[in-house]
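Input: a single structure, listed below in structure tokens.
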């Protein structure tokens with residue numbers, strides 16, 4: 001198990017959630033239960049899945065939840081592009097949010113690879129130990 005509070009990907013994800021909530025608070029009131037709600041749910045899904053994965057027993061399970069978080073990042077990215085296209089946010093805000101998401105995606109993919117490599121290295125050591133016996 002990992003302490004998710006210390007993970008940079010979780011901290012960055014929480015920053016993005018805060019930015020999304022502040023941004024969607026400025027949307028038209030008719031979007032409260034539409035795009036606004038969907039974006040907030042997509043955003044909060046990211047650190048929530050990282051935290052849930054951190055609480056799992058194996059790195060394989062953790063990696064699975066990182067994959068779900070990455071999927072939510074792509075979902076949110078699409079929603080940000082839509083918001084710019086329909087005029088709810090300007091290009092500057094859109095670009096800033098997309099840049100933060102792109103950075104978090106890269107960090108998350110790298111973290112996931114490290115989890116998977118750790119698992120692979122552990123399995124190789126186990127096989128080597130079994131061959132020696």
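No lab work stands behind these numbers, since they all come straight from the coordinates. For clarity, every value in this text was computed on a predicted model and none was experimentally measured. So basically every Cβ, Gly included, is an ideal-geometry build from the backbone, and we count neighbours across all protein chains shown.
FRET efficiency for the residue 99 to residue 56 pair, using the beta carbon distance and R₀ = 35 Å, is estimated at 0.70.
Across the chain, the convex hull enclosing all Cα atoms gives 93 Å³ per residue. Given a Förster distance of 25 Å, report the FRET efficiency between residue 38 and residue 90 from their Cβ-Cβ distance, rounded to the nearest 0.05. Efficiency computed from Cβ-Cβ geometry: 0.80. Entry note, the chain: the mean residue ellipticity at 222 nm calculated from DSSP H runs of n ≥ 4, each adding -39500 (n - 2.57), is -28500 deg cm²/dmol after division by the residues and rounding to the nearest 500. Angle of helix 91-132 to the longest C-alpha principal axis of the chain, folded into 0 to 90 degrees and rounded to 10: 10°.
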